[in-house]
């Protein structure tokens, strides 16, 4: 089977150990612990690469048959009949993710050594980011739901730490909290969903669940549907799908390497990964690919996300936020792909997206680090950086092209297949969503590119221009720790798509991963359709729209941002209809307002206050013999409690309270006579009762 | 199923050794504080050593059996026996009580709260230790009751003498409330005894040992059993505390000295839940089935309610106190499912909550000592002014909100799993829908837990330290974790991580015993 | 002789004592009322002692007398102490046991 | 009613009953004075009356040792203590209006009357015509005292020990409490 496949469990263990080492010894190391982090990620990368190599061997060896997953498991704990294991479940999907995570983490860590150099919490940063990767690695090779949840939550924790890395500023800690809470809201679904899976399948092992689901070995289809819905809620939270996407843009408060890691290969793809991992459960539970079904939950949510996030990306001034919404939109594509039955294309999109999105974020970081004085505001501090930062610009352009889905670059191969499958699998609406999304993607990326690299230099960029002038230089790009990872990612953004290039009938990726689907391919119940045959004719409408998007956006940008006197400038402030639309978008469809002002404040303030008030006045009050809780509703604060407990009872409610068991207070008046009276009174009454009962 | 009788003096030694220490301390002059402290700590350490020996000699292959079992006649006229023994269910709690006492003593070494009098304070802790350990090893209802009540008095004095401003009110409330519960509980015990005695073929053999009730309790007529269970329920629920009997807890915790809060949270609350698992459910299984839905509903109300209460707090310690209500709600939810999964989760949750909330109270005490206030609005930037303490606090907050890989998770998560599919007898009674709704609401509780804990962490630990913070404190007061605190905290922190990573340690211990309890709830009616 | 003669006498004295305990404010008088109660109990004990022909009641009565003496001693000492500290023995003013 | 029940008895019983009646009436009157008197010293002296009456009743019940102890301990010691207490707390020797609670009677009267009613009902219900056997003549004298002491020092020895500790503790406690410093 191969040493690497059997020892794949080491991959997350190494960074986890590295995390502990950095925490304990990092500060005393010459490079503040970053060397431990990078070394651990390199080791993980080597192991992952070995595992990938051996997996390909394994697939080739089992020619014609389905390649079985390699399981290495130990019993974690056991309660009664329920055995929960810990270990590694290695198959095509896991291998892809392992390789991806390890690779991107390594590059991001190298990049970070320059980017966060001299940071007040350099060591902390590396500790968290290493643990973050460990969490994702733990999750992707989880053989059961509990280990998956473990990795899932570790990532949540690390995202909290990393987004709030500069927690001295209130806004950053708020963003960190928001990320954690939003994801946690989704996690409710995961907790309940796991409970449902246990109830349906009586096991938590992923392999067994998938097999049982694919074999139709469950009692209640309805419960399976609910399990799929519950689990999908978790994916909505984690992968920033509508309507829980609002935390992702705020998460930009963290350092840029964090954003790039978070948005490319870890954290946000965890939700997509979960759907892909438990595909039989979702596929069967949500009735996908059944004749006559044109909608399902996953496709709908994915489709809405594609459009909504792309719309938001138009009105952002912060380059990272443009990229953040772009990520949300692309995640929508992946979900939509899974929803329409294009499993391979969706997973392949995870793969290609990771490279170009990581590259884009790192480019943004590089611009801020060198060219715009640590500002991410495209309108204020950027512009005209094309010639001054040639490497960054080159990588940016390549990655943008990949993101937009221009033919022969990686994004094209994955995205086009998703769109094509939607059409082919009878999900017409999502075909349209797909090509409209592609149009919008091109448009907003053109805008961002224009604002950042073309036109006149503004603010920080202008300052940078003066510096260059002063040093008599034409250009000055970031140091090698930044540019080397950029170039590597750029190259991959160009070529990674050829692993599964439908136009050339190259289907290696599909071959290596298809056994992870867990369902048969082809026709029949519970089957996932084969990917459609590629034809340029089918791809043409999408490509035409992409071209249109580029052209329209470029023209608009030139018109709006190109000259100071353009009549289009300030249109949104003059035209009420456009203004309203703009405002609606700037306010993120008012979803944040709904969550923060209404739901969170609703719980944090009135509801919890009311609950606490109930505690202090109703329940506590009853116990203490106060039956007057509702008498005053206004200024009931602590003072009232004192009054109610001590004086109110003695004065007023003695008669009502005396008989009750809780009426301890008036009795404790401290008067000896009172005690005597109660004692003898009780004796007399008790005696009377006994007499009456006995006669 | 024959109890193991080897080394059966170990438990008595471990339980009563602290009293020997108390006796010794009586002869130490009040002024000689160091000698008194040394004796107390020495006794506690010796007790812990006995505990460790107990743990080493414990036969882990037969953890469902009572071990170190001893049975002697004790008070003949009322058929009370001196029957003791531990099994996999009680051993972790028995050891935890010893560990916590030692740690609390180390912490108290230079943290004796005002008005001082270290000798009395340490003596009370030793008496408390005897009560706690005794409760967990008792295998006789009267013996159990004696120890259960023995715990009350030292705690009453601890709160009443060393507590905060409102201590007298709080301590009296604590005392009366628990006494009220205990009274009903005792009535339940006696009723149970009388009923089983009358039912038995050989009434002369009746006694108060658990064994007798285990054998004869299930035969009690259902209606009678439901009433008796009601008495036990109130007694234990007050101690847990379950909504709506929880109102003593925030007051007691807020006013209690740090040490008192820690012991209260770590051990005392567990007496109630332990009572459910050990006494109420196995003795009266029929009644347990009837009561389980009600318990589950109250537990879930407690979860949400405690969380909402936390969100409304302005005082750090009171917030932590309210969070106990929520966490014990999860424990009770686990118990109410009557499944092996749920009860194991509950037992795990007890230990985990003891460690985590105990730690949080330690932290609150240390914060109070440094800032002289626990007002959340006045604490800012703890991560900056004392980074180690701040991060430990962050760690404990994460553990408390049930992060996987830390101990708290294993109390909550399996309880949720279990409540989705509760015991078959409950399903048979048509409570499936109820428990499913409860599962979802309880899952909401985990979100709220993340809400209040991280909110607390953000407010107190993040940001820039306030310049004039609490007004009357001096900069010199604010120092990072000191040696005594490290010594007291490190074992708990290690415990939280180790139990979180290797839950097997506890689950393997408790599972065989739990299987015996839940056997009757599986299948059929 | 009817035993009820003694028992009813005891009951009457007991109730008079109870009234004193409840209605009196002066601590010394409350103590005296308690003595009344104790005496009534003694009468009952001795009556039953006589009825059953054993000596147990007498023994109890003796013990009660002894305990009562002790009680009065301590009680009066406390009253004195309170008086010294407060300059009053009026029970209305003593409410330290208030909860 | 009580007196009427002695009609069929022997002469000595008649005498006993008559004695009992007179003493009982005196006791009740004195007891009422204890709880109603406005003068503390009068109340104390009335209590002496009750104690003495009780001693007489003990004699009627053939418990001479107890009666003697009653006189010695109560009238001799306890009452002296009470009078000292009255003196040391500087109670007014004359009338004092501040002895009763405000409306104390409103609470005390119902409770004591209720209690009395319950008890008397129970007693009549339970011991309607139960008689004390014989004259008790054989029990008076040294043999009776020997029997009593046998009882105290054999089966009731342990309580006796305990009692002596209680007394010791009370003595020490009283000294500690009443000490000037």
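What does the C-alpha gyration tensor say about the overall shape of the stretch A:111-172? Classify as rounded when a/c is under 1.5, otherwise prolate if a/b is larger than b/c, or oblate. Here the stretch A:111-172 falls in the oblate category. Can you give the angle from 0 to 90° between the axis of helix B:340-371 and the longest principal axis of chain B, with both taken from C-alpha atoms, to the nearest 10? Value to nearest ten degrees: 20.
Shape class for the stretch A:415-504: oblate, because the ratio a/c of the largest to smallest gyration tensor axis (alpha-carbon atoms, square roots of eigenvalues) is 1.5 or more and b/c is at least a/b. The mean number of Cβ atoms from other chains found within 10 Å of a Cβ in peptide D:161-174 is 4, as a whole number. Inter-part distance, the stretch B:21-69 to the stretch A:183-261, computed on C-alpha centroids, equals 48 Å. Shape class of the stretch D:141-181 from the alpha-carbon gyration tensor: oblate, with a/c at 1.5 or above and b/c at least as large as a/b. Relative to the longest principal axis of the Cα atoms of chain C, helix C:56-86 runs at roughly 10 degrees. Counting Cβ atoms of other protein chains within 10 Å of each residue's Cβ and taking the mean over peptide A:211-217 gives 0. The protection proxy used here, the mean number of other Cβ atoms lying within 10 Å of each residue, ranks peptides D:25-31, C:30-36 as follows, highest first: C:30-36, D:25-31. Against the main long axis of the alpha-carbon atoms of chain B, helix B:152-162 sits at an angle near 10°. One Cα centroid belongs to the stretch A:77-150, the other to the stretch D:58-77; the line between them spans 91 Å. Every helix of 4 or more DSSP H residues in chain B counts as -39500 (n - 2.57), and over all residues that averages to -23000 deg cm²/dmol at 222 nm.
Kirkwood hydrodynamic radius (Cα pairs, Å) of chain B? Roughly 23.0 Å, rounded to one decimal.
What whole-number distance in Å separates the alpha-carbon centres of the stretch B:144-191 and the stretch A:434-464? Taking the Cα centre of each part, the stretch B:144-191 and the stretch A:434-464 sit 70 Å apart. Among the residues of B:452-465, the average count of other protein chain beta-carbon atoms within 10 Å of the residue beta-carbon is 4.
Packing, as the average of other Cβ atoms within 10 Å across residues, places the peptides A:337-344, D:80-87 in the order A:337-344, D:80-87, highest first. Given Cα pairs under 8 Å that are at least 6 residues apart, what percent is the relative contact order of the stretch A:293-564? RCO, the stretch A:293-564: 25 percent. Ordering D:153-160, B:104-111 by mean Cβ neighbour count within 10 Å, with the highest value first, yields B:104-111, D:153-160.
Where a number appears in this text, it was derived from the coordinates with a stated rule and is not lab data. From a predicted model like this one, the values you see are computed outputs, not experimental measurements. Quick reminder, even Gly has a Cβ in these numbers, built from the backbone with ideal geometry, and neighbours come from all protein chains shown.
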